[in-house]
Structures are given as structure tokens and as C-alpha cells.
Amino acid sequence: MKIVDAKVIVCSPDRNFATLKLTTDSGLTGLGDATLNGRELAVVAYLQEHVCPLLIGRDAHRIEDTWQYLYKGAYWRRGPVTMSAIAAVDTALWDIKAKSADMPLYQLLGGRSREGVMVYGHASGNDIPQVSDAVGAYLGEGYLAVRVQCAIPGLGSAYGVGKDAKFYEPAGRGLPLESEWSSERYLRFIPEVLGAVRSKFGFDFHMLHDVHHRLTPIEAAHLAKRLEEVELFWLEDPVVAELQEGFRLVRQHTTTPIATGEVFNSIWDCQQLIQEQLIDFIRASVVHTGGITHLRRIAQLAELYHVRMGCHGATDLSPVCLAAAIHFGISVHNFGIQEYMPHSELTDEVFPHTYRFAGGHLYPGEDPGLGVDLDEDLADRYPYDPAYLPISRKLDGTVHNW
Ligand code: EZ4
Ligand code: CO
């Protein structure tokens, strides 16, 4: 079964997405997400200029060989652009293989390890009462896990707080917005928020929180220690991960479970954190970490060290990626939780899919392959519209981690 066409589709149904579509001589098609938020067209060019021409005529069944060919064959390894491009090819090939086997993808990955994929929703607000209302709404919809973020008094903006308490989209149209940050104000206020949510709703649900890379290791250690009494499911990205040793310092001081890795793009980014057991959940995703083939390697390494998967799943990861994450999550042994922010109605119309949410879980459909389509005519009506993630500055104007 040979690949006869490789096409990149860029569209913006409420937000930008890049998707690779492969077609074989037997008429089967496969989709792969290639979206890299705020740097989309770099991956599009990488695919169109340097990868698509190499795919024509290749055997669509040779997934592992194609992965190695694109990774080792480029000479220049790793990096989010390269690994998102490889991920798109890999995901599309798994989609095709599963369609040709006439099975939903999770069957090829070993079948179900569980009935559904537990997800967490995103509650936020401008103050504690608003946040509480949002948490209550998620619990009312059957969610078993909720991420809690809140605006910080005295700061004009905060990570994770949307215009709508139940929908959070950080990328903004046009040039990047700037937001302000103070670790001191955040550290003073956030334990109160998480404590108030536990007082109101108790301990019978999983509560998560995302620091979004903003603290130094000692600040993060201090926070994680203080938060032990609210029993988080995880504290996410307490520090930036370029300095992996930074997590050792956090770990020495606290038993609060730690998650990181949404910006990672290869197993090499995860290796030290996993092998030294410095984290509890790894957030690598299908799209930014080389596809299903590479994510399975990460999961297998993690399993040896009791680290579970908690894949990134914000709205900038397309329905194609979310479907792949559900097939992966339902089959992999060391699954922990899946991030879930429902896409907009328009996005779902452009990407019709068979996965569904019920009772705090996502379930894959039973159609062969990923179970996601792309309505190209509709997609054409929503062309690319530049959008960027915000830039963060401290109160004195110094650029900080967003
Ligand atoms: O900032 O997906 O846990 N989720 C997150 C997300 C990321 C965005 C970046 O594109 O941190 O909101
Ligand atoms: Co995050």
C-alpha cells in the first residue's frame, strides 16, 4: 500500500490548526495533527518543503521505518518543529493502518486496558466565588477531576483564567499580548484559593493546579509543601524544565505529586526526570512528541519508574490529536489522566469525530482508524489567522516565563 498524496491543510475554525492528510493507492486516507501553537507555519513549511516529497511512493505500512527515516534521516534531531512534523506523519500512518485492519486504533495498540479515559476539566475565575462556581459546574457535569486556576489580586491577568469560566484559550489574534506576573503575590494567594475549594467541595474529587513554569525551584518547593494539605492530584510545571535538576530540589521537600512535559518533544527531555523519579506524571503529547510511535516509547520508559501518562490536551491540540490521545490512553498500561478542553462547536464541525464524553471520561468511537475526519470544504472557509501566546513580564518589566 503506497502513499500517493501528502497534503497539509491549514485552517482557523475559531483557532489555528495544521493537519497532514495522507492518501494511499488503495484509497485509504489518514490524518495527523501538526499544530504548534503560535509557530504553526514553521511546521507547515517543514512538512510541505521537506517531508511530503519524501513520502510519495513509500509503503504506508512501514510506520517504524518511516519514523526512523524522518528522524535519523534529517540529521538535525529533536526540537518542536521537527517532532511535530514527524508526529503528523506517524499519526496519519497509524490512522491508515487501523483503517486497513478495519479496527479502531486502540485495538492495534493492544486493546483496552480500561473502559474509558479519565479527563480533567478547567475551572477558573476572577475571584474565589467565581472559581467555586466553575468547580461546582464541572462536578455537576460528572467530572471526576478539575484543574483550578484563579486571577491574582493586584495582577491584571493570570495564566489559566479565561473570559468564560469554563473555556480557556490562551492564544490571541494578532501580535502577542503582554501579561504581568508577580511570584510573591501568586504564592501568597493561591493556597487560599485551593483551600477554599477543598473546604467547599471536599476531597472526593481530583484537584489539579498548573503553575505554568513560573517559579524558581525553591519557590516551587515551598508552594508544593504548603499545598500538601489540599491533596492535589498533581502540581503541574512548578518550574521550567530546561534545568531538569531543578525538580530534585522540589522533590526533596514535598510529597505533592508533580507533572511536567507539555513542552517536551522527545524521550530525551523526559529521561532524567523519569529515571530519577523526580515526577509522577509525564505530559508529553502525541502531536509535539513525535507521534504515537515515540509516545509509546516514553510511556514504556515511564512505566518502569512508576510514572504515569497525563497527556497535554488543550484546545491548541486538534481533535485529531485528542482522538489519538484517547486511543493511546485507553490502551496504555500506565495511564493517569487526560487533559480535556472541549473544542468550539465550529472546530468540531470542521473535524467530525466519533469520540465522546460521558461521566468524567472520554471514549473512543468504534469506527476503523482514529475516528476523525476533516471537512476540507468547510475548513477552506476559515483561513489561517495569525495568533500568539502572551508574553509575561514581572512588575518591573523583566520578561518572565509565560
Ligand atoms: O499553555 O496549550 O496545561 N495546559 C496548558 C496550556 C498551554 C497551551 C500552550 O499552547 O498549560 O494552556
Ligand atoms: Co500546562
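For the reader, a short list of remarks on this structure follows.
- Qualifying residue in region 198-206 (condition: crowded, with 21+ Cβ neighbours inside 10 Å and either of a type in the set (A, V, I, L, M) or within 16 Å of ligand 2 (Cβ to nearest atom) (or both)): no
- Checked against (1) in contact with a strand residue (DSSP E or B) (Cβ under 8 Å, 6 or more places away or on another chain); (2) over 30 Å from D65 (Cβ atoms), N126 passes all but condition (1).
- For the condition farther than 15 Å from S84 by Cα, within 16 Å of ligand 2 (Cβ to nearest atom), surrounded by 20 or more Cβ atoms within 10 Å (Cβ to Cβ) and not assigned by TED's automatic domain parsing to the domain that holds Q68, I326 does not qualify.
- Test: A241 is under 30 Å from A196 (Cβ atoms), over 21 Å from the mean Cα position of the chain (by Cα) and either within 16 Å of ligand 2 (Cβ to nearest atom) or touching a residue at least 60 places away in the same chain (Cβ under 8 Å) (or both): no
- Answer from S179, S199 - the residue that is within 16 Å of ligand 1 (Cβ to nearest atom) and either over 25 Å from H343 (Cα atoms) or polar (S, T, N, Q) (or both): S179
- The criterion of at least 2 residues that are more than 16 Å from ligand 1 (Cβ to nearest atom) and more than 22 Å from I218 (Cα to Cα) is met, among helices (runs of 4 or more DSSP H) falling completely within region 241-323, by 267-275, 291-304.
- Filter result for the condition that a residue is in contact with a strand residue (DSSP E or B) (Cβ under 6 Å, 6 or more places away or on another chain), among the β-branched types (V, I, T) and closer than 20 Å to V161 by Cα, over I337, I391, I330: I391
- Residue match in region 371-386 (condition: assigned by TED's automatic domain parsing to the domain that holds L177, away from ligand 1 (no atom under 16 Å from the Cβ), surrounded by 18 or more Cβ atoms within 10 Å (Cβ to Cβ) and not in a loop (DSSP other than H, G, I, E, B)): no
- Filtering region 182-196 to residues that are away from ligand 1 (no atom under 16 Å from the Cβ), within 26 Å of S392 (Cα to Cα) and out of contact with any strand residue (DSSP E or B) (no Cβ under 9 Å at 6 or more places or on another chain) leaves E184, R185, L187, R188, F189, P191, E192.
- The lone exception for A158 - which of (1) of a type in the set (A, V, I, L, M, F, W, C); (2) out of contact with any Lys or Arg (no Cβ under 9 Å at 6 or more places or on another chain); (3) modelled with pLDDT of 95 or more it fails: (3)
The values are calculated or read from the model by the stated rules, or taken from the named source; none is laboratory data. Computed from a predicted structure; not experimentally measured. Every residue, glycine among them, receives a Cβ derived from its backbone with ideal geometry; neighbour counts consider all protein chains shown.
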